[in-house]
Amino acid sequence: MRQSPLAGRHREAGAKMVDFGGWEMPLEYEGTITEHLACRNGAVMFDVSHLGTVRLTGAEGFDRLQRTLTNDLTKIAPGRAQYTHLLDTDGSVLDDIIIWWWQEVGSEAGSPPVDIFDVMPNASNTDSVIAALGGTDITGERAVIAVQGPTARRQVGELWPEAAAVGRFRVQPLNWRGHSCVVAGTGYTGEDGVEISVPILGAEELWDGLVAVGITPAGLGARDTVRLEAGLPLHGHELGPGITPLQAGLDWVVAFDKPEFRGREALLAERTAGVQRSLRGLHTEGRRPLRAGYQVSIDGTMCGEVTSGNYSAVLGHGIAFALLNSTVKIGDTVSVDLRGTATPATVVATPFVPRGRSTGV
Amino acid sequence: MNLPGDLRYTSDHEWVRKTSDTSVQVGITDYAQDALGDVVFVQPPQVGDQCGQGSALGEVESTKSVSEIYAPVAGEVIGVNTALEESPELLNSDPYGSGWICEIRVESMDILEALMDAAAYQALIEG
């Protein structure tokens, strides 16, 4: 199993370690709910080194991304990040990806800057992303630390003001005590914050510095529950084989006006025919979590299934994502088969917890 | 790992405490709550339920998974911990005390002798 450059720090902190996409990563330190609420009310940091980094460069890299991925890179510019999808030819989402686009100064005086595209797939999808895009896998050269929460920027600023100043969806190469880092105003929690790619030699020092300014480590357990509350999809649950961006309600990720991207014909056909199922939110009254695979019915007729579910620590009741027939509308009451117990749920819009404006209970 | 010496234990990670000549209290062990992670819901049995040794007694759901609770002894459920409805996290914070799950009336206490003592259970979880 692959180890994060920060694995030693996690063990010292007493983290419970789990296999995640072939990586041994921290599930939790103090406890998932404690870490979840710390992210909503203060600041936490997640080690997300298991996410891949595939680097493409220059005009050739730009063309490759623009011709293959769904979003339109011409909508952004160097120094910006973009969320995008890699599709299969049938329109299925092979992976959802963040691209950090930044520029490296030319190696010789007077030479132009070089465009760098750091493509960040989900851990287990890195190989299929490289197969589709090419590029160099630099995952093993760096750690990635995501600092997230309403006080994340203020606290990062006590250690490293330049990193704290990187704006939302902005990307900037920055030097940290001699280590060449890349900092982006991105995340996966619905909260403000920054993500920092740091060379492995500087990773522990940066982690320790963030601990010293009071940022609490949080594990992948809390990362999953906060992303669910924030209404953010997880590949393998809300995205994956047989699920298109249109079904997931992510039409904004798809630039149909581009002449070419993989899966374009299949998505155009689906759009013309009408999208048959849609990703929706579910609320339950009680605390009992709904879980992936539970069947959903309306008026006694099957209408879909749960893709992710859990207890919302902020709301105090169960929440879930479900892929439902598009005829099911927000406000409808459905019935979920909870291992034999018919459990009523209300179809709601997501995010469940407003992004960046949450308060814990 | 906290393993009180006055309790009996099962290989399914429940504990049993004698509360009278005919009744026992049942819960899950410190080891079990730690493995489950944050408990967010407990489905206890109902008062009056008859259970056989090893039969399903209820369910515990955490942020990451769901686990069945198995009856460590045969008997009749005579009490359940209603505090768990609002505060299932008591299983994490006080697994041998306020996080108890139910009380069972048993025919005979002999059955307890067949369960593990703390040393045997410790050997099991460290094995």
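Just so you know, all these numbers are worked out from the coordinates, no wet-lab data involved. What you see is a predicted model; the values in this text were computed from it and never measured. Using ideal geometry, Cβ is built from the backbone for each residue, glycine included, and neighbour counts are taken over all protein chains shown.
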Cα shape, chain B, gyration tensor, a/c 1.5 rule = oblate
query = In nm², what is the average projected area of the convex hull enclosing the Cα atoms of segment A:54-137?
reply = 5.5
query = Which order do peptides A:318-326, A:70-78, A:102-110 fall in by mean Cβ count within 10 Å, highest first?
reply = A:318-326, A:70-78, A:102-110
query = What average count of beta carbons from other chains do you get within 10 Å of the Cβ of residues in A:24-31?
reply = 2
remark   = Gyration tensor on Cα atoms of segment A:103-150, a ≥ b ≥ c root eigenvalues, a/c under 1.5 rounded, else prolate if a/b beats b/c, else oblate, says oblate
request  = Calculate, for A:Thr327 and A:Trp252, the FRET efficiency according to 1/(1 + (r/R0)^6) with r their C-beta to C-beta distance and R0 25 Å; round to the nearest 0.05.
outcome  = 0.65
request  = Take peptide B:27-37, look around each residue's Cβ out to 10 angstrom, count Cβ atoms belonging to other protein chains, and average those counts.
outcome  = 1
task = For every other residue with a beta carbon closer than 14 angstrom to the beta carbon of A:Gly58, add +1 if it is Lys or Arg and -1 if Asp or Glu, then tell me the sum.
result = -3
key: Local net charge near B:Gln25, Cβ-Cβ under 15 Å (Lys/Arg +1, Asp/Glu -1)   = -2
ask   = Dipole size in debye (nearest 20) for the protein assembly as shown around its Cα centre, Lys and Arg Cβ +1, Asp and Glu Cβ -1?
value = 1580
ask   = At 37 °C and 0.692 mPa s, what whole-number value in µm²/s does Stokes-Einstein give for the translational diffusion of chain A, with Rh from the Kirkwood sum over Cα pairs?
value = 155
remark   = Between the alpha carbon centres of segment A:55-125 and segment A:228-299 the gap in Å comes to 23
request  = Work out how much length B:Asp34 to B:Asp117 would gain on full extension: take 0.36 nm times their residue separation and subtract the Cα-Cα distance, in nm to one decimal.
outcome  = 27.9 nm
message = Just to confirm my numbers, what's the Cα centroid distance between segment A:301-329 and segment A:163-184 in Å?
response = 37
Partner chain coverage, peptide B:62-68 - average Cβ within 10 angstrom = 5
inquiry  = Given points 7 Å out from each Cα along the Cα-Cβ axis, report the A:Gln295 to A:Asp208 separation in nanometres with one decimal.
reply    = 5.6
inquiry  = More than 18 angstrom separation, counting every C-alpha pair in segment A:273-361; what % is that?
reply    = 38
ask   = Once you put a point 7 Å from the Cα of A:Leu268 and another 7 Å from the Cα of B:Ser93, both along the Cβ direction, what distance in nm separates them?
value = 6.0
remark   = Cβ-Cβ cut-off under 9 Å around B:Tyr70, Lys and Arg +1, Asp and Glu -1: the net charge is -3
task = Please give the FRET efficiency for A:Glu158 paired with A:Arg67, using the beta carbon to beta carbon distance and R0 = 41 Å, rounded to the nearest 0.05.
result = 0.40
ask   = Points 7 angstrom from Cα along the Cβ direction at A:Asn41 and A:Glu12: gap in nanometres?
value = 2.8
